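The block underneath contains the structure these notes are about, expressed in structure tokens.
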Amino acid sequence: RGLMVLFFTEMWERFGYYLMVGILFLYLTDSTTGGKEMTRGMGADVVGTFIALVYLTPFIGGLIADRYLGYIKSIFIGGSLMAAGYLGLAFPGDTAMYVSLGCIIVGNGFFKPNISTLLGNIYNREDLRPLKDNAYNIFYMGINIGALVCNFVAAYLRNKYADDDGTGWGYAFSAAGIGLIIGLIWLAF
């Protein structure tokens, strides 16, 4: 049962992350439909720095979870921060954008290493150890499904609601946040 719960939670988390990261550069450099109108170089710098920090923070989040918070609490803290960040990207203004990206970076640090560790801990019992590799393969399928579906959702929302004030971008980023909230609710129940 735990595998199914973690599968869907991770699927929604990856849905949100890959949706957001897939359109972030486009949003930053868009000058016709409500984007941030950055130069391509500045947009690339922001996205590159963001992704570098996303890959750095799981080390710190894993240490904090191991020593102080525990895995479940860390997953909920991380997921909540990321959902707030995705929803925050729907608001106008550079401050909201940078604060939102910061929430996503810190949230990823708490979420990403701990959900995988929790899955491994489920299969640490002697009778379940032979199934651990298969469990990770199934878990990884959740990641792939979320990463695949998000592209269609982002494109649909962005294009359907596109106008000069950036509403289409807001709908797409909000979908990422709502997806992660669904994953956290699934985990809570």
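Quick notes on this structure:
- The Kirkwood hydrodynamic radius of the chain, based on inverse pair distances between different Cα atoms, is 16.9 Å.
- Most mobile of Y27, Y140, Y71 in a GNM of the chain (Cα contacts under 10 Å): Y140
- Note that segment 40-53 has calculated 3J(HN,Hα) couplings of 4, x, 5, x, 5, 5, 5, 5, x, 5, 4, 5, 4, 5 Hz, one per residue in order, obtained from phi through the Karplus relation 6.51 cos²θ - 1.76 cosθ + 1.60 (θ = phi - 60°); glycine and proline are x.
- Per-residue HN-Hα couplings for segment 19-30 [Karplus 6.51, -1.76, 1.60; θ = phi - 60°; Hz; x = Gly/Pro]: 4, 5, 5, x, 10, 4, 4, 4, 5, 5, 9, 5
- FRET efficiency, A52 to L128 (Cβ-Cβ, R0 25 Å, nearest 0.05): 0.10
- Computed with a 1.4 Å probe over protein heavy atoms only, the accessible surface of segment 33-104 comes to 53 Å² per residue.
- Average Cα contact separation per residue, segment 20-101, under 8 Å, 6 or more apart, as relative contact order %: 16
- Near the amide H of G70, within less than 5 Å, lie no amide hydrogens of residues on another chain or at least 5 residues away, with H placed in the peptide plane.
- In percent, rounded to a whole number, the relative contact order of the chain is 39, using alpha-carbon pairs under 8 Å and six or more apart.
- Global geometry of segment 125-189, whether rounded, prolate or oblate, following the gyration tensor of its Cα atoms and the 1.5 cut on a/c: prolate
- Cα centroid separation - segment 16-84 against segment 106-152, whole Å: 19
- Percent carbon-and-sulfur accessible area, segment 36-122, ignoring ligands, DNA and RNA, probe 1.4 Å: 69
- Tensor-based shape of segment 1-69 (alpha-carbon gyration tensor, a/c under 1.5 rounded, otherwise prolate or oblate): oblate
- Choice from D127, D45, D66 showing the highest fluctuation, given a GNM over the chain with Cα pairs closer than 10 Å: D127
- Using θ = phi - 60° and Karplus 6.51 cos²θ - 1.76 cosθ + 1.60, couplings along segment 123-136 (whole Hz; Gly, Pro as x): 9, 7, 4, 4, 6, 9, 4, x, 8, 4, 4, 5, 5, 5
- Between L63 and F91, the contour length at 0.36 nm per residue exceeds the alpha carbon distance by 6.8 nm.
The values are calculated or read from the model by the stated rules, or taken from the named source; none is laboratory data. None of the values given here were measured: they were computed from a predicted structure. When we count neighbours, we look across all protein chains shown, and the Cβ atoms used for this are built from the backbone with ideal geometry, even at glycine. Ligands, DNA and RNA are stripped out before the accessible areas are found, and what is left, the full protein with its side chains, is counted by its heavy atoms. Shrake-Rupley method; radii C 1.70, N 1.55, O 1.52, S 1.80 Å.
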